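First comes the structure, then the notes that go with it.
The values are calculated or read from the model by the stated rules, or taken from the named source; none is laboratory data. Given the structure is predicted, the values throughout are model-derived calculations rather than measurements. Cβ: placed from backbone, ideal geometry, glycine included. Neighbour counts: every protein chain shown. What goes into the accessible areas is simple: the full protein's heavy atoms, side chains included, and nothing from ligands, DNA or RNA. Shrake-Rupley method; radii C 1.70, N 1.55, O 1.52, S 1.80 Å.
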Amino acid sequence: MSRDGLESLRYVAVEGPIGVGKTTLTRRLAGVLGAQPLFEAPERNPFLQSFYADPARWALPTQLSFLMDRVREFERLRQTDLFAPRTVADFMFEKDDIFARLTLTEDEYRLYREVAAHVTGQMPTPDLVIYLRAPVPVLQARVAERGIPHERAVTDEYLARLSRAYVAFFHDYTDAPLIILNTDSVDFANRDADFNRLLAHLANGVRGRSVVDLSAGRELGLV
C-alpha cells in the first residue's frame, strides 16, 4: 500500500452526528498516522445535562460554552504548535454553527454569531474532512449502547433534525477535501478489515468530494 496519501495528511477532522463513531475512528487514525488525537470534551460543558432536559431554556449557554471551549483548544494548539506534527480531531470548528442553527431562537442565534465573530479569529483548515453518517435508528442504538447518562434524554426527533442539519452543511462544504462515509454497516472498533479499507482509500490520495462504500471496498463517485 502506498503511503503517499497518508503522509500528506497533517490535520484530519472527523465529523458527524452523535453516536456515529467519530471518536473511535479518530483514535485509530491518530495511531496509524502517529498524530496527536484531539477529542471533544462534552463533560467540560456545565450546561449540557440541563440542555438535554430542557433545550429551550439552556440552548444558548450550552452553545456558548462549547464555542469558548473550542476557541481555547485551538488557541492552545497554536501556542504549542501541535499542528506542526499531525493532528486528528473528532470535530471541526464549524460544527458549532450547525448546532447553533439547530437549537437557538433567531434572536439567540444573532447574539451567538456576534460573540463568535469576536472570539474565533482564523481557524485552521483541515487537509481532509471525513463525514460519518448513519440512519437515525443506528445512531439511537449506539447512543443507548454507550450509556452516557446525559445522553439518555436524546430523542429520535432530535437525532433526525441533527442528521438533516449535517447533510445540509456538507452539501455546500468546499473548504477541504471531503469523504462521505456511511457507517451503518461499518465497525471501526471491532473489524480491522473496515479500517484497513479506509486506509487503502486514503493512501491513494483524496481530492474533492467523494462517497465511499467500505462494505464494497470502492468509491461510489464524486458528489
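PHE99 meets each of the listed conditions (1) open to solvent by 50 Å² or more (accessible area, probe 1.4 Å); (2) under 23 Å from LEU178 (Cα atoms); (3) hydrophobic (A, V, I, L, M, F, W, C) apart from (1).
Just so you know, in segment 170-218 the residues that are hydroxyl-bearing (Ser, Thr, Tyr), without any contact (Cβ under 8 Å) to a residue 40 or more places away in the chain and under 22 Å from ARG10 (Cα atoms) include one that is most open to solvent (accessible area, probe 1.4 Å), and it is THR174. Across segment 106-136, the number of residues qualifying as among the hydrophobic types (A, V, I, L, M, F, W, C), in contact with a Phe, Trp or Tyr (Cβ under 6 Å, 6 or more places away or on another chain) and under 22 Å from LEU214 (Cα atoms) comes to 0. When segment 35-53 is filtered for residues that are out of contact with any Lys or Arg (no Cβ under 9 Å at 6 or more places or on another chain) and assigned to a loop (DSSP other than H, G, I, E, B), the ones remaining, listed by number, are ALA41, ASN45, PRO46, PHE47. Looking for something within 30 Å of VAL211 (Cα to Cα) and among the basic types (Lys, Arg) - is there at least one such residue anywhere in segment 70-77? Within segment 70-77 (the criterion being within 30 Å of VAL211 (Cα to Cα) and among the basic types (Lys, Arg)), the answer is yes, since at least one residue qualifies.
Filtered by the rule that a residue be in a helix (DSSP H, G or I) and on the phi > 0 side of the Ramachandran plot, segment 134-189 gives no residues. Just so you know, in segment 40-54 the residues that are at pLDDT 90 or above and open to solvent by 60 Å² or more (accessible area, probe 1.4 Å) include one that is farthest from VAL71 (Cα to Cα), and it is ASP54.
Here GLU151 does not qualify as among the charged types (D, E, K, R) and either open to solvent by 80 Å² or more (accessible area, probe 1.4 Å) or modelled with pLDDT of 85 or more (or both).
The one condition from (1) modelled with pLDDT of 90 or more; (2) touching a Lys or Arg at 6+ places or on another chain (Cβ under 8 Å); (3) of a type outside the set (Val, Ile, Thr) that PHE83 does not meet is (1). VAL138 meets each of the listed conditions (1) buried (at least 19 other Cβ atoms within 10 Å of the Cβ); (2) under 30 Å from ASN204 (Cβ atoms); (3) of a type in the set (A, V, I, L, M) apart from (1). Quick check on GLY19: is it surrounded by fewer than 21 Cβ atoms within 10 Å (Cβ to Cβ), at pLDDT 85 or above and of a type outside the set (Ser, Thr, Tyr)? The answer is no for GLY19. Number of residues in segment 101-126 that are in contact with a strand residue (DSSP E or B) (Cβ under 9 Å, 6 or more places away or on another chain) and either in a helix (DSSP H, G or I) or at pLDDT 90 or above (or both): the value is 1. Considering each residue of segment 19-34, count those that are assigned to a loop (DSSP other than H, G, I, E, B) and either over 22 Å from ASP184 (Cα atoms) or more than 10 Å from the chain's Cα centre (by Cα) (or both), and give that number. Matching residues across segment 19-34 total 2.
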